[in-house]
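Before any comments, here is the structure.
Please treat every number below as a calculation from the coordinates, not as lab data. Just so we're clear, the structure is a prediction, and the values are computed from it rather than from any experiment. As a convention, Cβ positions derive from the backbone with ideal geometry for all residues, glycine included, and neighbour counts pool all protein chains shown.
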Amino acid sequence: MTDAKENTPSARYPAPAVHLHHVHLFAADIDATVAWWREKLGGVIAFDGAFGGARNVFMELGRGRLHLYDQPPRGIPGGAVHHVGIQTDDLPALHRRLAALGVPFRSGIREFGSWRYIMCEAPDGVLLELFQIDMDDMPPALARYFAL
């Protein structure tokens, strides 16, 4: 008798190494959107040109990647995306900077133990969660997960 787990597609076809590389967003005004990410969060353009039949801008944001597609958002606002999380090592300083640049926030910084966050919108209604974590108060496995 064979073990049912050994005969599953997951067991027969193990997953190759994968990692989340980028988030790709529609942009109603791609130039304004690129300017926002550059000015507000220090995004750096890695590519700006035709890709897949439309203008795309690929940006570096810290160690993460953001791709912008020169087309207005489709469907209901946000579609299936709730928010994009952006980690920082100094949330109060980032909050002061963005507030000085005119970015409105939904509230002040909220704190939950070792987790602090604040929410704001990027162009096209993309909700951002800006957050900071105190690694010293986290279990080691969780601290590794959030390590910058």
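For the chain, with only Lys/Arg (+1) and Asp/Glu (-1) charged at the beta-carbon, what is the dipole magnitude about the Cα centre, in debye rounded to 20? Write down the numbers at each step before the final one.
Details: 14 positive and 17 negative charges, 28 e Å.
Charge dipole of the chain: 140 debye, to the nearest 20.
Taking amide hydrogens as placed 1.01 Å from N in the peptide plane, the amide H of L128 sits under 5 Å from those of V84, C120, E121, A122, each at least 5 positions away in sequence or on another chain. Sorting W36, W115 by the number of Cβ atoms found within 10 Å of their own Cβ, with the fewest placed first, yields W115, W36.
At a threshold of 8 angstrom on Cα-Cα distance, excluding pairs fewer than six apart, so keeping six or more, what relative contact order does the chain reach in percent?
19
For the pair A28 and F112, the difference between a 0.36 nm per residue extended length and the Cα-Cα distance amounts to 26.7 nm. Take the Cα of Y145, go 7 Å toward its beta carbon, and the backbone nitrogen atoms of segment 43-85 under 16 Å from that spot belong to 85.
Selection among P72, L41, A54 by position relative to the dipole of segment 21-73 gives L41 as farthest towards the positive end (Cβ unit charges, Cα centre). Each listed q (0.11, 0.17, 0.19, 0.20 Å⁻¹) maps to a log10 I(q)/I(0) for the chain, found by the Debye formula over equal Cα scatterers with no solvent: -0.55, -1.05, -1.20, -1.28.
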